[in-house]
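K.L.:
Can you read through this structure? Questions will come right after.
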Amino acid sequence: MKHSRFPHFIWISLLFMACSSPKTYDVLIKNGQIYDGSGEKSFTGDIAINADTLVAIGQLENAKGTLEIDATGLAVAPGFINMLSWANVSLIEDGRSQGDIRQGVTLEILGEGHSMGPLNDTMKQEMKAGQQDITYDIPWTTLGEYLEFLEKKGVSTNIASFVGNGTLRQYVMGYENRVPTASEMDTMKYLANQAMEEGAVGLSTALIYVPSGHAQTPEIIELAQEVAQHDGMYISHVRSEEGDLLNAVRELITVSREAQISAEIYHFKASGNANWHLLDSAIQLVEDARAEGLPITTDMYMYNASSTGLNVVLPEWAKEGGHAATMKLIAQPEQRKKMMAEIDFHVPPDKILLVGFRNKALRNLIGKTLAEVAEERQKSPNETLVDLIYEDDSRIQVVYFSMSEDNIKEKLALPYMSICSDAGSYTNEGVFLEQSTHPRAYGSFARLLGHYVREEKVIPLEEAIYKLTTLPATNLKIKKRGALQTGFYADVVLFNPETITDNATFAQPHQYATGVQYVFVNGTQVLQDGEHTGAFPGRVVRGPGWTGK
């Protein structure tokens, strides 16, 4: 299924050089079980790092290191790539990226439908007004400037981002639900090109949210065609993950075909018990497209519950103008009554867990289900939902227990499936403890390697590491990352495959994963004996359209 990227003559050459020319390296990792990212069988060997680069791999006899690590009993792998990260704000607060670094993640891919640029003054004001426990200034305007801001501030992980179509639409059209004029379309295309030249890895949509979902298919195709000229990817939270899943997948395939662009489905799933059976048909659509020659891929997180806003179950018209418009509608008795009547619970209220509130007076409800709060208030779940959104003046973060465990295993076995968290990367202290969260923020990658590989044996470890490294790096067309190969950047993770474990739960999510012992980012040690070193070697990783040097 996968082919090694590292011919045997390379190993022979390295072995000869190691035996004939003893030398000292900055870092020498010895006696590790090396999983190079290709998906091929692992081997026991050594890895040498100078500065930020992998310089030798093999049996490096007589070699020495200024820093030496005996990796006996540990798996040595490329740093993991988080294909959907929401660390864009958490990294501003704490650049250590502890929740992900302690799982071996060395590259965060940001920007699901909404990116941190480009911004106009109105958007900056809205971002400031929407800030909750984490507050920050917004000195950047473009997406490239945001990424450079993070790197200059100091981050432990590398960072990259898609440009969100929702952000482009909001910049040009606000929350208006209509087809853009020719002039507006030209401006969005100009901004998309600018973002790609600054290093965005592609175009993203999140079509169940506004204003991203206001875009019709032809508009998305037109933007994707611009991005394709820069060899970028189109990636989407498709328009439905429930009853209309198949049409939503067909739309993504249409964009790929018409724009001649590689495309990926974010957190691929069939959500809601009544829709679980649709997964097989959705997979068949993807595989038929791939057989046609279309480069369609998918990613997923490792839990049977999703997390997003409580407001997503409101009728579409109630969300159309953004959160401020929703609040105005709730304040109107007739509109509020109509809104309540049209709520569509794709997941029953007893399967909706409340995890995040803006209003501190409501935080005593964290950890309760919507059904429990409705019972306490002696109101219907519909009325309770609308009341809570109004009282909190936010979308309210919740967890929806909506997916099938069998489906998770089926998806994980797909050869084109990468891995994500769909969450921020937090520290389990300080401001982050003001709210609850989904355990995927602390455990998605460790859960793959511990639960699904070691315990459930859904896929072998070699294949899991391929899904975490070479596969996403190849899909994103990122150079010199995602593999243990000489000349590549030294993003390296050392973990114990017998002990790696996700410890976060839905009841107590702020718990670090364990079992990852060492992490290097660009050759700098960020994790030592499972503890953060305080180093911030993370860099901006730019896509294929970048015009800089």
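The values are calculated or read from the model by the stated rules, or taken from the named source; none is laboratory data. These numbers were taken from a predicted model, which means no experiment stands behind them. A quick note on method: Cβ atoms are made from the backbone with ideal geometry, for glycine too, and the neighbour counts reach across all protein chains shown. For the accessible areas, the whole protein counts, side chains as well, though only heavy atoms, and no ligand, DNA or RNA atoms are used. Shrake-Rupley method; radii C 1.70, N 1.55, O 1.52, S 1.80 Å.
K.L.:
State whether one or more residues within region 466-485 are in a loop (DSSP other than H, G, I, E, B), of a type outside the set (S, T, N, Q) and over 26 Å from residue 146 (Cβ atoms).
P.N.:
yes
K.L.:
Same structure again: Open to solvent by less than 10 Å² (accessible area, probe 1.4 Å) and acidic (Asp, Glu) - does that describe any residue in region 299-306?
P.N.:
Checked against the condition, which is being open to solvent by less than 10 Å² (accessible area, probe 1.4 Å) and acidic (Asp, Glu), region 299-306 yields at least one hit.
K.L.:
Identify the single condition in (1) closer than 24 Å to residue 97 by Cβ; (2) touching a strand residue (DSSP E or B) at 6+ places or on another chain (Cβ under 6 Å) that residue 401 does not satisfy, given that it satisfies every other one.
P.N.:
Going through (1) closer than 24 Å to residue 97 by Cβ; (2) touching a strand residue (DSSP E or B) at 6+ places or on another chain (Cβ under 6 Å) one by one, residue 401 breaks only (1).
K.L.:
Sticking with this one: Might you check whether a residue that is surrounded by fewer than 18 Cβ atoms within 10 Å (Cβ to Cβ), of a type in the set (S, T, N, Q), free of Cβ contacts under 8 Å to residues at least 60 places away in the same chain and over 22 Å from residue 406 (Cβ atoms) occurs anywhere in region 370-382?
P.N.:
yes
K.L.:
Right, next: Being aliphatic (A, V, I, L, M) and under 16 Å from residue 394 (Cα atoms) is the requirement here; does residue 327 meet it? Full working, then the answer.
P.N.:
Values: aliphatic (A, V, I, L, M): yes; under 16 Å from residue 394 (Cα atoms): yes.
Spelling it out, residue 327 is indeed aliphatic (A, V, I, L, M) and under 16 Å from residue 394 (Cα atoms).
K.L.:
Additional query: When only residues in region 425-464 that are closer than 19 Å to residue 98 by Cα and among the hydrophobic types (A, V, I, L, M, F, W, C) count, which is surrounded by the fewest Cβ atoms within 10 Å (Cβ to Cβ)?
P.N.:
So, considering only residues that are closer than 19 Å to residue 98 by Cα and among the hydrophobic types (A, V, I, L, M, F, W, C), the one surrounded by the fewest Cβ atoms within 10 Å (Cβ to Cβ) is 433.
K.L.:
Within region 148-181, take every residue that is in contact (Cβ under 8 Å) with a residue 40 or more places away in the chain, assigned to a helix (DSSP H, G or I) and in contact with a Ser or Thr (Cβ under 6 Å, 6 or more places away or on another chain) and give me the one that is surrounded by the fewest Cβ atoms within 10 Å (Cβ to Cβ).
P.N.:
Looking at the filtered set, the residue picked out is 166.
K.L.:
A further question follows. Sort through 66, 72 and tell me the only one that's assigned to a strand (DSSP E or B), in contact (Cβ under 8 Å) with a residue 12 or more places away in the chain, among the hydroxyl-bearing types (Ser, Thr, Tyr) and surrounded by fewer than 20 Cβ atoms within 10 Å (Cβ to Cβ).
P.N.:
On the way: 72 fails: assigned to a strand (DSSP E or B).
Unique residue meeting the criteria: 66.
K.L.:
Separate question: Kindly provide the set of residues from region 252-261 that are surrounded by fewer than 21 Cβ atoms within 10 Å (Cβ to Cβ) and not basic (Lys, Arg), ordered by number.
P.N.:
The first filter runs over region 252-261 and keeps only residues surrounded by fewer than 21 Cβ atoms within 10 Å (Cβ to Cβ), leaving 253-254, 257-258, 260.
Matches in region 252-261: 253, 254, 258, 260.
K.L.:
What is the residue count in region 228-253 for residues that are under 27 Å from residue 313 (Cα atoms) and either in contact (Cβ under 8 Å) with a residue 12 or more places away in the chain or touching a Cys at 6+ places or on another chain (Cβ under 8 Å) (or both)?
P.N.:
18
K.L.:
Can you work out which of the residues in region 355-369 that are in contact (Cβ under 8 Å) with a residue 60 or more places away in the chain and open to solvent by less than 20 Å² (accessible area, probe 1.4 Å) is farthest from residue 401 (Cα to Cα)?
P.N.:
Here the answer is 357.
K.L.:
Looking only at region 212-226, decide whether some residue is in contact with a Gly (Cβ under 6 Å, 6 or more places away or on another chain), at pLDDT 95 or above and within 30 Å of residue 193 (Cβ to Cβ). Let's see the steps before the verdict.
P.N.:
Narrowing region 212-226 to residues in contact with a Gly (Cβ under 6 Å, 6 or more places away or on another chain): 212.
Next, only the ones that are at pLDDT 95 or above stay: 212.
Among the residues that remain, those that are also within 30 Å of residue 193 (Cβ to Cβ) are: 212.
Yes, because at least one residue in region 212-226 is in contact with a Gly (Cβ under 6 Å, 6 or more places away or on another chain), at pLDDT 95 or above and within 30 Å of residue 193 (Cβ to Cβ).
K.L.:
Further, regarding this structure: Would you say residue 470 is polar (S, T, N, Q), in contact with a strand residue (DSSP E or B) (Cβ under 8 Å, 6 or more places away or on another chain) and under 30 Å from residue 398 (Cβ atoms)? Reasoning before the result, please.
P.N.:
On the way: polar (S, T, N, Q): yes; in contact with a strand residue (DSSP E or B) (Cβ under 8 Å, 6 or more places away or on another chain): yes; under 30 Å from residue 398 (Cβ atoms): no.
When the stated conditions are applied, residue 470 does not pass them.
K.L.:
Does residue 407 satisfy the criteria of being under 23 Å from the mean Cα position of the chain (by Cα), assigned to a helix (DSSP H, G or I) and among the polar types (S, T, N, Q)?
P.N.:
On the way: under 23 Å from the mean Cα position of the chain (by Cα): yes; assigned to a helix (DSSP H, G or I): yes; among the polar types (S, T, N, Q): yes.
Spelling it out, residue 407 is indeed under 23 Å from the mean Cα position of the chain (by Cα), assigned to a helix (DSSP H, G or I) and among the polar types (S, T, N, Q).
For (1) touching a helix residue (DSSP H, G or I) at 6+ places or on another chain (Cβ under 8 Å); (2) of a type in the set (Phe, Trp, Tyr); (3) at pLDDT below 95, each residue gets a yes or a no:
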position	(1), (2), (3)
464	yes, no, no
488	no, yes, no
514	yes, no, no
517	no, no, no
522	no, no, no
528	no, no, no
532	yes, no, no
547	yes, no, no
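K.L.:
So which of 81, 47 ends up being touching a Leu at 6+ places or on another chain (Cβ under 6 Å), open to solvent by less than 10 Å² (accessible area, probe 1.4 Å) and assigned to a strand (DSSP E or B)?
P.N.:
81
K.L.:
Just to check your reading of the model, which residue among 126, 145 is at pLDDT 95 or above, among the acidic types (Asp, Glu), closer than 30 Å to residue 316 by Cβ and open to solvent by 30 Å² or more (accessible area, probe 1.4 Å)? Step through it out loud before you land on a result.
P.N.:
Working: 145 fails: closer than 30 Å to residue 316 by Cβ.
The conditions single out 126.
K.L.:
Under the condition of being closer than 15 Å to residue 55 by Cα and among the basic types (Lys, Arg), which residue from region 17-45 is modelled with the lowest pLDDT?
P.N.:
23
K.L.:
State the number of residues belonging to region 291-337 that are in a loop (DSSP other than H, G, I, E, B) and of a type in the set (Ser, Thr, Tyr). Working first, answer last.
P.N.:
In the first step, residues of region 291-337 are kept if they are in a loop (DSSP other than H, G, I, E, B); the result is 293-295, 301-304, 314-315, 320-322, 331-332.
Those left that are additionally of a type in the set (Ser, Thr, Tyr): 301, 303.
Final tally of qualifying residues: 2.
K.L.:
Quick check on residue 107: is it within 20 Å of the chain's Cα centre (by Cα) and not aromatic (Phe, Trp, Tyr)? Break it down stepwise before answering.
P.N.:
Details: within 20 Å of the chain's Cα centre (by Cα): yes; not aromatic (Phe, Trp, Tyr): yes.
Yes: the conditions hold for residue 107.
K.L.:
Another one. For region 209-220, give me each residue that is surrounded by 20 or more Cβ atoms within 10 Å (Cβ to Cβ) and either in contact with a Ser or Thr (Cβ under 8 Å, 6 or more places away or on another chain) or part of a helix (DSSP H, G or I) (or both).
P.N.:
Of all residues in region 209-220, those surrounded by 20 or more Cβ atoms within 10 Å (Cβ to Cβ) come to 209-215, 220.
Those that are surrounded by 20 or more Cβ atoms within 10 Å (Cβ to Cβ) and either in contact with a Ser or Thr (Cβ under 8 Å, 6 or more places away or on another chain) or part of a helix (DSSP H, G or I) (or both): 212, 213, 214, 215, 220.
K.L.:
Which ones in region 358-402 are under 24 Å from residue 134 (Cβ atoms), of a type in the set (Gly, Ala, Ser) and outside any helix (DSSP H, G or I)?
P.N.:
367, 394
K.L.:
Let me ask you something else. Looking at region 383-398 only, could you name the residues that are over 28 Å from residue 98 (Cα atoms) and open to solvent by less than 10 Å² (accessible area, probe 1.4 Å)?
P.N.:
Our first condition is that a residue be over 28 Å from residue 98 (Cα atoms); within region 383-398, this holds for 383-393.
Selection gives 384, 385, 386, 388, 389, 392.
K.L.:
Additional query: Restricting to region 518-542, give me the number of residues that are touching a residue at least 12 places away in the same chain (Cβ under 8 Å), more than 16 Å from residue 51 (Cβ to Cβ) and either outside any strand (DSSP E or B) or aromatic (Phe, Trp, Tyr) (or both). Before the answer, list the steps.
P.N.:
Here is the first cut: in region 518-542, the ones touching a residue at least 12 places away in the same chain (Cβ under 8 Å) are 518-527, 529-530, 532, 534-542.
Now narrow it down to the ones that are more than 16 Å from residue 51 (Cβ to Cβ): 518-519, 527, 529-530, 532, 534, 536, 540-542.
Now restrict to residues that are either outside any strand (DSSP E or B) or aromatic (Phe, Trp, Tyr) (or both): 518, 529-530, 534, 536, 541-542.
Result for region 518-542: 7.
K.L.:
If we keep just the residues of region 27-44 that are open to solvent by 10 Å² or more (accessible area, probe 1.4 Å), hydroxyl-bearing (Ser, Thr, Tyr) and in contact (Cβ under 8 Å) with a residue 40 or more places away in the chain, which is nearest to residue 490 (Cα to Cα)?
P.N.:
Within region 27-44, the match that is nearest to residue 490 (Cα to Cα) is 35.
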